[in-house]
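The values are calculated or read from the model by the stated rules, or taken from the named source; none is laboratory data. As the structure is a prediction and not an experimental result, all values here were calculated from the model. Don't worry about glycine lacking a Cβ; one is built from the backbone with ideal geometry, like all the others, and counts go over all protein chains shown.
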Amino acid sequence: MDRSHRVVVAIASVVFAVLAYLSAGGLRRAVPPTSPPGSSASGLAGGSERDNRVLGEIDLARLFPDLVLRQGDVAAKNVALTFDDGPDKQYTPQILDVLARKGVRATFFLIGNRLAESPEVVRRILAEGHAVGNHTYSHPNITTFTAQDIERELRTADREMSRFGARVTGMFRPPYGAVGVSSVEPLARAGYSLCLWTVDSLDWRGLTREQVINNVLPLVANGSVILFHSAGGPGEDLSGTVGALPVVIDDLRAKGFKFVTLPEMFPRL
Ligand SMILES: [Zn+2]
């Protein structure tokens, strides 16, 4: 190989490595997982898994069109705002304030072991008519978990939410949007619907209000599910989300969109 060929091969290798890293969930946010439920804390998969590939939201929806909920009816001018990682005492109440002021109901994917720390916030989410979904009990990266271990996380979180009178819908959003392919069908049989999104605000990166707005508004279409966060890891700044939300709501409303919760968008929930 001459020098120019070697350079091409080297560049190709780097590009391939970056693509492999990204497709494996690289550069996703790192919310530190807290203590998982039960004794089988590690939850590492055994050797029985048929297919342990980890796919992003687009490929998962393609592979399991009947099991993955990602986009609503494209013939209806509906849009769903979804908020992960709550509740907390800092940002979730501010987001609830905006939603109440604007008369919008949204869907909150809650982390089970955060409920006991902010019970008044959970009660408020439910009293104000929002839907709640399951974002696991301890927010682990479940890509190496067996379906059984994931189900244990989900059942534990369901119990926490039931204590507040939340309707258990089976709506499940995996932390970091990542789940092993082999877990999707067993979880569906256990009554869980994998709820992903079509528009990612990337708000967890501590973006400005303008950046959050620009990540969302140009991409919204009929049936869009928009991903935001209502809480984060220590020191995470979601003031961009709080600032962007009124603008996003006003703009979409002016364009004729109606805001719905995920159970309203997906009748099977
Ligand atoms: Zn999360």
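If you check ARG163 against the conditions, is it at pLDDT below 95 and over 18 Å from GLU57 (Cα atoms)? Step through it out loud before you land on a result.
Working: at pLDDT below 95: no; over 18 Å from GLU57 (Cα atoms): yes.
Against the criterion (at pLDDT below 95 and over 18 Å from GLU57 (Cα atoms)), ARG163 does not qualify.
Look at (1) outside any loop (DSSP other than H, G, I, E, B); (2) over 16 Å from SER201 (Cβ atoms); (3) of a type outside the set (D, E, K, R) and you find that ALA76 fails only one, number (1). What are the residue pairs meeting all of these: first residue in segment 134-147, first residue without any contact (Cβ under 8 Å) to a residue 12 or more places away in the chain, second residue part of a loop (DSSP other than H, G, I, E, B), Cβ atoms under 7 Å, and 6 or more apart or on different chains? Once the first residue is without any contact (Cβ under 8 Å) to a residue 12 or more places away in the chain and sits in segment 134-147, no partner that is part of a loop (DSSP other than H, G, I, E, B) comes close enough. Checking each residue in segment 125-155 for being in contact with a helix residue (DSSP H, G or I) (Cβ under 6 Å, 6 or more places away or on another chain) and part of a helix (DSSP H, G or I) picks out ILE142, ALA147, ILE150. Filtering LEU110, LEU126 for residues that are within 16 Å of the ligand (Cβ to nearest atom), touching a residue at least 12 places away in the same chain (Cβ under 8 Å) and not acidic (Asp, Glu) leaves a single hit, LEU110.
For segment 177-191, what are the residues that are at negative phi and within 16 Å of the ligand (Cβ to nearest atom)? Once the filter is applied, which keeps residues that are at negative phi and within 16 Å of the ligand (Cβ to nearest atom), segment 177-191 yields ALA178, VAL179.
Within segment 156-171, work out how many residues are away from the ligand (no atom under 15 Å from the Cβ), in a helix (DSSP H, G or I) and aliphatic (A, V, I, L, M). Please lay out each step first, then the result.
Kept after step one, since they are away from the ligand (no atom under 15 Å from the Cβ), are these residues of segment 156-171: 156, 158-170.
If we keep only those that are in a helix (DSSP H, G or I) too, we end up with 156, 158-162.
Subsequent filtering for residues that are aliphatic (A, V, I, L, M) retains 161.
Selection size over segment 156-171: 1.
Close Cβ contacts (under 8 Å, 6 or more residues apart or on different chains) running from residues in segment 160-175 that are among the acidic types (Asp, Glu) to residues that are more than 16 Å from the ligand (Cβ to nearest atom) comprise GLU160/ALA116. Screening PRO174 against (1) under 11 Å from the mean Cα position of the chain (by Cα); (2) more than 13 Å from the ligand (Cβ to nearest atom) leaves a single unmet condition, (2).
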